[in-house]
Structure formats: structure tokens, C-alpha cells
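This report concerns only the one structure given below.
The values are calculated or read from the model by the stated rules, or taken from the named source; none is laboratory data. Note that the structure is predicted; figures quoted are calculated from it, not measured. As a convention, Cβ positions derive from the backbone with ideal geometry for all residues, glycine included, and neighbour counts pool all protein chains shown.
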Amino acid sequence: MRRLCFIVSIDEPAKFQHHLFRLSNSATDVKTSFDKEKALQALIYIANKAPRPDYVHMVKILYFAEKDHLQKYGRMIISDDYKRLKWGPVPTRSYDLLKNVASRGNSHFLDMNPDLALAASRSLKVEINGEIILFKPLCEADLTVFSKSDLKCLDAAIEKYGPMPFPQLTDKSHDEVWKMSQNFDIALEDIISTLPNKEALLQYVHSAE
């Protein structure tokens with residue numbers, strides 16, 4: 001059985017970051033700021049369960065899971081910073097974590113969070129399959145950071161989008177969010193505006209801030 005992965009502060013190597021062990025009821029709060037610890041656990045979870053854990057599938061599964069959770073439960077799972085890129089909306093900070101594991105590119109965000117970068121490099125490894133980079137887990141995800149609804153939406157996205165070929169997955173991600181976004185940055189309101197319950201969601205999210 002693989003070990004659980006935790007984020008350890010570089011400044012305090014003997015101490016775990018206690019906010020990894022949030023009380024389960026706090027996981028239902030509306031999140032509008034990026035949850036970096038939960039993001040790493042989500043990537044580990046996807047890498048453990050997705051049949052094709054490459055760059056594209058990892059970030060697209062996360063995007064669709066977040067969008068689904070927002071529509072059904074009024075909040076994102078990790079509230080990543082989404083950008084409008086060629087291949088669709090991309091959770092850029094989670095993408096930075098994957099690039100860090102693969103030693104490809106620099107990230108100002110990870111420069112400011114070296115403990116997170118170190119934890120990612122100790123939680124995932126890279127395997128090369130032809131020209132495809134796959135991310136393999138070195139541990140199990142810490143499920144205590146997730147609510148039941150988080151896991152439900154992650155599992156649904158893995159089941160639906162995990163086996164999907166790259167062209168079809170890219171086409172799916174060129175959704176209304178991607179088409180309607182006029183800027184490089186995709187705001188939470190941009191995603192909400194494409195959902196069938198957008199009026200109620202906007203009112204709920206703003207009242208919970």
C-alpha cells in the first residue's frame with residue numbers, strides 16, 4: 001500500500017501543515033481563493049485513478065470536475081486560476097505543479113511556494129510513453145481534504161473524460177466558457193454565466209463571500 005502524501009514546510013521540516021486536515025464541514029464552504037494543498041491532493045487523486053494521466057487529461061478532468069461541482073453545489077473544488085489557452089480553459093496553478101514535476105518551465109507562483117513545489121515532486125513522477133508525458137503517483141491522495149461532493153464530481157469527471165481521446169477532449173473543452181471569454185483570464189463569473197442556474201449561483205456565491 002502506498003503512503004499518503006503531505007505538504008511539509010521547508011522552514012519547519014518536522015511539522016505538517018495542519019490545514020491539510022480540515023474538519024469535514026469546512027469543506028462545504030464557498031471557495032473563491034486557490035486551495036493549493038487541496039490542488040496537489042486532487043492531482044494525486046486523478047493520477048491514481050485516470051487511465052491516461054497526461055498533461056491534457058489531468059488538467060481537463062480537473063476543469064470539468066470544478067465546473068460540475070460549481071453548478072451542483074455552488075463552489076469550486078480548489079478554485080484554480082483559469083486561463084483561456086489554445087486547448088481550452090486551463091487551471092494554470094495546477095498546470096504549474098505538473099510542469100514542476102516534469103522539470104519544464106518556471107513558475108513565479110511555485111517560487112513563492114517552495115514547500116508545495118517540493119511536495120509535488122515527491123508525490124508524482126514522470127513516465128515517458130513515446131512523446132506523451134504521463135504522471136504517475138508515488139503515494140495515495142489524502143482524502144480528508146475532500147468533501148463527499150468533491151470526490152463525487154472528481155470521480156464523475158475521471159469516468160467520463162479519463163478515457164476520452166485527445167481531439168475529442170479538446171473539442172469538449174472548447175465549451176461556452178472558452179467561447180465566451182473575451183480575456184486571457186477566466187473569472188468565476190465567466191464560468192457561472194454559462195451554467196443553467198447562473199442567476200441563483202451568482203446570488204449564492206456573492207452572498208457567501
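Every residue, every condition in (1) over 15 Å from LEU70 (Cα atoms); (2) among the hydrophobic types (A, V, I, L, M, F, W, C); (3) free of Cβ contacts under 8 Å to residues at least 24 places away in the same chain, yes or no:
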site: TYR161; (1), (2), (3): yes, no, no
site: PRO165; (1), (2), (3): yes, no, yes
site: LYS172; (1), (2), (3): yes, no, no
site: MET180; (1), (2), (3): yes, yes, yes
site: LEU188; (1), (2), (3): no, yes, no
site: ALA200; (1), (2), (3): no, yes, yes
site: VAL205; (1), (2), (3): no, yes, no
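For region 46-162, give me every one of the strands (runs of 3 or more DSSP E) that falls completely inside it and has 3 or more residues that are more than 26 Å from ASN183 (Cβ to Cβ).
124-129, 132-137
Evaluate region 32-42: report whether one residue or more is out of contact with any Gly (no Cβ under 8 Å at 6 or more places or on another chain), modelled with pLDDT under 95, more than 19 Å from PHE109 (Cα to Cα) and not β-branched (Val, Ile, Thr).
No, that holds for no residue.
Name the residues in region 127-165 that are touching a strand residue (DSSP E or B) at 6+ places or on another chain (Cβ under 9 Å) and within 15 Å of LEU62 (Cα to Cα), would you?
Those that are touching a strand residue (DSSP E or B) at 6+ places or on another chain (Cβ under 9 Å) and within 15 Å of LEU62 (Cα to Cα): PHE135, ALA141.
Within region 172-192, restricting attention to residues that are touching a Lys or Arg at 6+ places or on another chain (Cβ under 8 Å) and assigned to a helix (DSSP H, G or I), which residue is farthest from ASP80 (Cα to Cα)?
Only one residue tops the list, namely LYS172.
Take region 187-209 and flag every residue that is among the aliphatic types (A, V, I, L, M), surrounded by 15 or more Cβ atoms within 10 Å (Cβ to Cβ) and either farther than 13 Å from MET76 by Cβ or modelled with pLDDT of 90 or more (or both).
Of everything in region 187-209, those that are among the aliphatic types (A, V, I, L, M), surrounded by 15 or more Cβ atoms within 10 Å (Cβ to Cβ) and either farther than 13 Å from MET76 by Cβ or modelled with pLDDT of 90 or more (or both) turn out to be ILE191, ILE192, LEU195, LEU201, LEU202.
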